[in-house]
2 protein chains.
Amino acid sequence: MSNIRHALTVKREDDFAKWYQEVISAADMAEESGVRGCMVFKPWGYGIWERVQRLMDDRIKEAGVQNCYFPLFIPLANFEREASHVDGFAKEMAVVTHHRLIADGKGGLIPDPEAKLEEPLVVRPTSETIIGDAMARWTQSWRDLPLMINQWANVVRWEMRTRMFLRTSEFLWQEGHTAHADKQEALEETHRALEMYRACVEEDLALPVIAGEKPENERFPGADETWSIEAMMQDGKALQAGTSHYLGTNFAKAAGIQYQDREGTQKFCHTTSWGTSTRMIGGVIMTHGDDDGLRVPPRIAPFQVVILPMLRDKPEDEATLAYCEQVRAGIAAQFSLGEKVRVLLDKTPGKASAKRWDWVRKGAPVVIEIGSRDMENGKVAAIRRDKLWNPETGKLANSFPQRDEFISGISDLLEDIQNSLYTEARDRRDANITRGVTEWSEVTEFYKSNGKYPGWIEVQWSKPSGAVLEKVVEQLKEEKLTIRNVPRDGDDADGTCIFTGEPAVERILIARAY
Amino acid sequence: MSNIRHALTVKREDDFAKWYQEVISAADMAEESGVRGCMVFKPWGYGIWERVQRLMDDRIKEAGVQNCYFPLFIPLANFEREASHVDGFAKEMAVVTHHRLIADGKGGLIPDPEAKLEEPLVVRPTSETIIGDAMARWTQSWRDLPLMINQWANVVRWEMRTRMFLRTSEFLWQEGHTAHADKQEALEETHRALEMYRACVEEDLALPVIAGEKPENERFPGADETWSIEAMMQDGKALQAGTSHYLGTNFAKAAGIQYQDREGTQKFCHTTSWGTSTRMIGGVIMTHGDDDGLRVPPRIAPFQVVILPMLRDKPEDEATLAYCEQVRAGIAAQFSLGEKVRVLLDKTPGKASAKRWDWVRKGAPVVIEIGSRDMENGKVAAIRRDKLWNPETGKLANSFPQRDEFISGISDLLEDIQNSLYTEARDRRDANITRGVTEWSEVTEFYKSNGKYPGWIEVQWSKPSGAVLEKVVEQLKEEKLTIRNVPRDGDDADGTCIFTGEPAVERILIARAY
Ligand SMILES: [Zn+2]
Ligand SMILES: [Zn+2]
C-alpha cells in the first residue's frame, strides 16, 4: 500500500491536527472568516450540516417536541439570576453595548455614545435562561405538561484558541428543553433524548458512540444527572458528540417553572435539556476521513452520487452528456436509506480526472465517470469512496458495471457504504478500548507507550465524590486524561477501585479528549 | 351573517392593527420576549416559518444555488468601506464592544473593561459585505462562475417601533448572492429569483402578488435595478414580500469580485442579491386571517388536519381513541400537494369543543371531531377552516362524511382549500386595484373617501428621475402613498403622466404600505 499516492499532503499518522485542517480545506468544507473565532461554512460543509439537521430534526419532531425560536439577545439580569450558570460559561460572552454607529469624522465609524444601551445585552451563549422564562409563562396547569421544545440557532461563546467545527466562538446547535410533572417522566425524557442522539449519530453520521452518564465533576452546572455520547476519533481521543441533562427542579426553581396539579397544588416542574452542535461535523471528519480527504456517510452526504462526464470538446460530447443525463435521471428515481437518491451531474468546466479528485477529497460516497467508450459499451466507471484503492495493485479500485445494473444496484451500494463506514469505525473503536486494567501504573504506562494512538481505558471505581473525586480528577489531569462516562450498556463492577482501592461500584471510560 | 359569534374579540373592520395582534396571540404564533424589539416564535408560528423555509429552500436548491453560513459578527471596516450601504441601513445596528462579563461587586454583572474589543463588531444587519469578501476569494476564473450562494440566518436592525413579524430588531431571512460573467446572465438571475419568489409566495403561501420593478427612489443602495413582489393586505395596504436586485458591477468593484475570462483578461463580475424574511408570515396573517383567527394555507400548515377525539372519561373512550388512530393513520398515508399529509391526533387534555376553537383560531385547514356516535356510524365531523360558517344559518358549517370517503378525499380537499384561499385573496386584490385614474385630484379624493380599505391605484407616468422624481415622491408622501412597482406583466403606457403631464412611458402602482 506504500506506493499509493494519496490526495492529501499530510497523512493522519504524521500530524493528525494538521491533517484535520487539510481535510477541511481540501474537501472545501469551511474556511477562516477573518472575523475572530468565526468560520465560514462553505457549501459542502454546510450541506453536510443541513443533512444532519434534517435527520435529527425529523427525530425530534417524531418525539412530539416542537421547534421555537427565541431572541439572539439576552438581558444581563438573566445571567445575574443564575450565577452558577455564568460560572459554567466562563463569562466569555459577546456583549452588545450600543445600538448605533456614527461617523468619527475621520472616515471611520464608532459606536454612537448617544446610543448606549441602558443595560447591555448578551449574545446568547445558550438560550437556557430565556427559554426558562418562556416555560414559566407557558406552564400553568398539569394540562400544559409535558412541554417539549427545541431550538436550532447560532450561539456565541468567546474563544481564544479556535479550531474549525470543534471550537469556534460562534457555532450552530440545537437545544431541547422539556418540563414534566414528575421526576420519573423527566428522567425518561433525558434517556429518550440520549437514545435519540445515539441513534442519529450512529445510524446517520455512522459514528459509533458509547452512551453513558457523566461523573459528578463533569455534570452540567445545575444538573442532577448529565449523560453523553462519546465517539472515538482516529487519533484515539474522545469527542463528546451530544449531552442530555436531567435538571431535577433546580432549573424550574431558578426560572419559576411551576404548574398546578390535578388537586390544585402548585408544584415545580422537573426539567431536562439536551444539545448537539456543529462539533459533530468535526467528529465525522476525524472518524471517517482518510489520507485522501473526507469520506461522507451516504445518509448525510449532500450528494451521494456524482457523475462526471468525460468531454473532449468534440461533437460526440453531446451524446455523452445525453447519456450522463439518462444515468442521472435513472439514479435520481431510486430510493436508498429511506430517501430519494441525491445525485449530481457535475457539468462544471475542467478535466474529469481533476474533478474526480475534487470529489474524492470531498468524500462523495460514489463517483462515476462516463466517457464516449463507456457510453458505447452501455457502462459506467464507478468508484466507491470508502474502498478507493485496490490494496494489491495500489491503484484506484474502479469498477465498470453495466449502466442498468449500476442504477438498479445503487440503493444497495449506498446502504453498503453507510454500513461499512460504521463498521470500520466501530471495529477500530472496539479494538482500542483496553479493559481489565486494575493498577494506576498500568494506566500511566499505557499512555506513555501508546503516544500516537492512545485509545481509551475502561477501569472500575468506587464512584467517589467531593474531595476524593477532586483528587482523582487531578490525578487524571496530570496524564491529560478525563473520565468520559459510565457506559449505559456496560458490565457491572466486580473488582476494586483503581483510585481508592475500595470495592468498585461501576465501570468508567477514561481517555484524552477534544 | 351578523348573528355569527366570531372567535376573536376584535374584528378586522373595527381595528385592523389590533385585530392583527389578536390573531398572533389567539393563534398562539408568537409573543413579546421581554428583550427590546425581539419576539419569541412559538411552535405554531415557527412551524409555519419552517414550512415556508423548506418550500423556498427546495426552490433555491433546484436552481443550483448552494447554501452557506457566514459569521454573525461583521468588522466595522466592512461598513466603513461601503458608506453608501451604511446610509441604507440607517446605522441602527447592535454593536458588540466587549467579550467578557465580570461581577460588579454589588451582585450584578458588567462588561469587563479589560475585555474591550480593539475594534467593535457589528451584529449582521445583512451579510452582504462579508459574503462579498468571500465571493472575491472564491471567484478567480470564468470556471468559477456563476457563483450562486444563499444563507438562511438571523439578522439585526435596531428598531424603535416594532410590530411582530413585520418589523422587529431581530428577524429571520434568507439572502441570495450570485456573481456572473456578464450583465445578461446576472439580469436573468435577477429575474429568475423574482419569479421563484412569485411562484413560492403565490403557490405555497397563497398570497397573490404583483411582480415588478421598483422606481429609482426605491432602489436598494448600490443596485442598478430593484424588483419586488407586492401583496395586498386586507386593509388595502401593500406589503413588499420579497426583492431581487441587479447590482451591476458596483458591488463587485467595492468588494473586489473579479475573474479572469477565457482570454486571460481580469474583469469585474456582475452580481445580484435577493431576499425574503419572516415578514412574509405577517403577510399570511393579514391576507388569510379572518374574524375567527388565522387561516393557514395547507402547503405551509405545520398540521393540515387535526383530529380531536371527543372523550367522556368513560370505558368507550378507548374504542373512540382507537378509531381516531385508524383515521389518523389513514390520512397520514395520503399524499396531497406533492407531500405526505401532515395530520395530528390531538390527545391533549381538555374538552373537544374548546380544543376545536383553539385550532380554528390557529387556522388548521381541516379540523375533525370524532365521538362515539361518529364511530358507530363510521363517520367523522369535519370543518374546513376556509369555509367555517354556513352563511344561511350563521352556524358552523360542519359536514359528516363517511370515514373512508373522507380519507380518500383528503388530498382533493386540501388542494381545494389551498386554491380557494388563493382565489379569494386574488379576487379581493383585483377588485381593489383602481385603474384609469388620470388626474392627481382623483387620487387624493380616492384615498380621502376610501379610508378603511383604500386599495391601490394604477397610474401612468413619464418615469422622471432626479429632482422631478423627488417632487413626485414628496407629493405622494403627503398622502402617505408610495410607488410600489412597475408591474412586470402590466399593460404598456398609452396616456400622459399624472405627475408631469408629459407622455407616459409606463404604468405604476401606488399604495399605502407596511
Ligand atoms: Zn439554569
Ligand atoms: Zn454593497
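Computed from the coordinates by the stated procedures, all read-outs in this text should not be read as laboratory data. Computed from a prediction, not measured in an experiment: that's the story for all the values here. Reconstructed Cβ throughout: ideal geometry from the backbone, glycine too, with neighbour counts over all protein chains shown.
Annotations for the structure displayed:
- Net length gained if the chain between B:Asp494 and B:Lys116 were fully extended (0.36 nm per residue, minus Cα distance): 129.8 nm
- Averaging over all projection directions, the Cα-based convex hull of region B:298-429 occupies 8.4 nm² in the image plane.
- Label zone of B:Ile433 (point 7 Å out along Cα→Cβ, amide N under 18 Å): in region B:500-514 this covers B:505-514.
- Spin-label pair B:Phe400/A:Ile4, simplified geometry with 7 Å Cα→Cβ offset, distance in nm: 7.2
- Neighbourhood charge, 11 Å Cβ-Cβ cut-off, centred on A:Glu325 and excluding it, Lys, Arg +1 and Asp, Glu -1: +1
- The stretch between B:Glu424 and B:Asp317 holds 34.5 nm of extra length on full extension. This uses 0.36 nm per residue minus the Cα-Cα distance.
- Other-chain or far-sequence residues with amide H under 5 Å of A:Asn390's (modelled H): A:Lys395, A:Leu396, A:Ala397
- With both residues required to sit in region B:298-429, DSSP beta bridges show an antiparallel share near 55%.
- Region B:333-358 residues near the modelled B:Lys387 label - backbone nitrogen below 20 Å, point 7 Å along Cα→Cβ: B:336-337
- Estimated at 0.36 nm per residue, the fully extended path between B:Ala333 and B:Ser25 surpasses their Cα-Cα distance by 107.6 nm.
- Divide the volume of the convex hull around the Cα atoms of region B:244-335 by the residue count and you get 203 Å³ per residue.
- The sum of -39500 (n - 2.57) across all DSSP H runs of n ≥ 4, divided by the residue count of chain B, sets its helix-only mean residue ellipticity at 222 nm to -10500 deg cm²/dmol.
- Average projected area [Cα convex hull, region A:388-462], square nanometres: 8.3
- Residue exposure sequence - B:Leu321, A:Leu414 - by fewest surrounding Cβ within 10 Å: B:Leu321, A:Leu414
- The alpha-carbon of A:Lys116 sits under 20 angstrom from the alpha-carbons of these lysines, leaving out residues fewer than 8 places away in its chain: B:Lys91, B:Lys116.
- Put in order of Cβ neighbour count within 10 Å, fewest first, the listed residues B:Cys38, B:Cys269 become B:Cys38, B:Cys269.
- Simple spin-label estimate for A:Ser441 and A:Gln66 in nanometres, 7 Å along Cα-Cβ: 6.3
- Summary value for chain B: 15 percent relative contact order, contacts being C-alpha pairs under 8 angstrom separated by 6+ residues.
- Among A:Tyr453, B:Tyr323, A:Tyr46, a tally of other beta-carbon atoms within 10 Å of each Cβ gives an order, fewest to most, of A:Tyr453, B:Tyr323, A:Tyr46.
- Alpha-carbon gyration tensor eigenvalues x 5, square-rooted, for chain A, Å: 43, 31, 24
- Averaging Cα coordinates gives a centre for region A:374-429 and one for region A:155-196; these two points are 36 Å apart.
- Within region A:435-511, DSSP assigns beta bridges of which about 100% are antiparallel (rounded to the nearest 5).
- Estimated FRET transfer efficiency (B:Thr348, B:Ala103; beta-carbon r; R0 41 Å; 0.05): 0.40
- Along its first, second and third principal axes, ordered by size, region A:435-511 spans 31, 28, 20 Å in Cα coordinates.
- Relative contact order (percent, whole number), region B:298-429, Cα cutoff 8 Å, 6+ residue spacing: 29
- Rg then Dmax, both in Å and based on the Cα atoms of the protein assembly as shown: 30.5, 100.
- Within straight-line cross-link reach of A:Lys340, lysines at Cα separation under 18 Å, skipping those fewer than 8 residues along the same chain: B:Lys61, B:Lys340
- Over 20 Å between alpha carbons, listed pairs B:Lys11/B:Lys347; B:Lys18/B:Lys214; A:Lys214/A:Lys480; A:Lys18/A:Lys362; A:Lys214/A:Lys237: B:Lys11/B:Lys347; B:Lys18/B:Lys214
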